[in-house]
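The values are calculated or read from the model by the stated rules, or taken from the named source; none is laboratory data. Since the structure is predicted, the reported quantities are computational estimates derived from the model, not experimental observations. Don't worry about glycine lacking a Cβ; one is built from the backbone with ideal geometry, like all the others, and counts go over all protein chains shown. These accessible areas exclude ligands, DNA and RNA; they are computed on the full protein's heavy atoms, side chains included. Shrake-Rupley method; radii C 1.70, N 1.55, O 1.52, S 1.80 Å.
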Amino acid sequence: MIIKNLTVRFGAFTAVDDVTLEIPAGAIVGLVGESGSGKSTLARAVTGLVPYTGEITGGDPRRIQMVFQDPYASLDPRMTVGASVAEGLRVPRAARQAEVERLLSLVSLPASMAGRYPRELSGGQRQRVAVARALGARPELLVADEITSALDVSVQGSVLNLVRSLREELGLSMLFISHNLAVVRYVSDVVAVMHRGRLVEMGATEEVVGSPRDGYTRSLLEAVPRLKRA
């Protein structure tokens, strides 16, 4: 999928300014930047949630799914896990239960979880349910917007490992968004750095982390001690 010259304006304010970005099939592209950099607005434009100018080519817009930062807010508290996951399935009704169980298994949750409600789950479990629900639509592209930032540090690692395993098992293409460069480095093949609505640097993950060209990228590296260059 190719995002070309994408711009988002809210009145006189330009939130995303002429961004061009390629997300290769089967790759995870990490989009990193501080709060207010425009990365979440770009995500919402890609998924059709905000109007934009520019082009998005190489994929079906109806097959782009988004997983949001707050898993509790994204799940209907009146619906069981099974009902939430089944909501967007593209399978006959008779096959839905088996498909729900398959999707829960993909995100390392037991089939028995289908009968529970969001309030009965941990934050990490709710985020896994949100991912399972998105996968049920068989997306060409999964957009993950800060999906670990609302979770305890102890849970973040398991969700990041899930992201990596899904790419390996399903060949899933993903736009993975975070303010944390260490998180982006762990899961991404390519890193794109966003600052004040524009992309300031992009390249293979280890290349960007090891030899950053832009001063803003260097400042992000300095903010994460274990990623500082030698």
For segment 94-158 and segment 170-190, write down the distance between their C-alpha centroids in whole Å. 18
Can you tell which of Pro92, Pro24, Pro139 shows the greatest fluctuation in a Gaussian network model of the chain with Cα springs below 10 Å? Pro92
Prolate/oblate/rounded label for segment 77-137 (Cα gyration tensor, a/c 1.5): prolate
When the chain is fully extended, how far beyond the present Cα-Cα distance does Glu87 get from Glu169, taking 0.36 nm per residue of separation? 27.2 nm
When the accessible area of the chain is split by element with a 1.4 Å probe, what percent falls to carbon and sulfur? 48
Label-point separation in nm, Ala98 to Arg62, each point 7 Å along Cα→Cβ: 2.5
With a probe of 1.4 Å, find how much accessible area segment 1-124 has per residue, and write the answer as a whole number in Å². 51
Here are labelled values, (i) 16.1, 45; (ii) 19.2, 58; (iii) 17.7, 58, and one is the computed Rg and Dmax of the Cα atoms in Å for what I pasted. Which one? (iii)
With θ set to phi - 60° and the Karplus curve 6.51 cos²θ - 1.76 cosθ + 1.60, what are the ³J(HN,Hα) couplings of segment 81-89 in order, to the nearest whole Hz, using x for Gly and Pro? 4, x, 5, 5, 5, 6, 4, x, 5
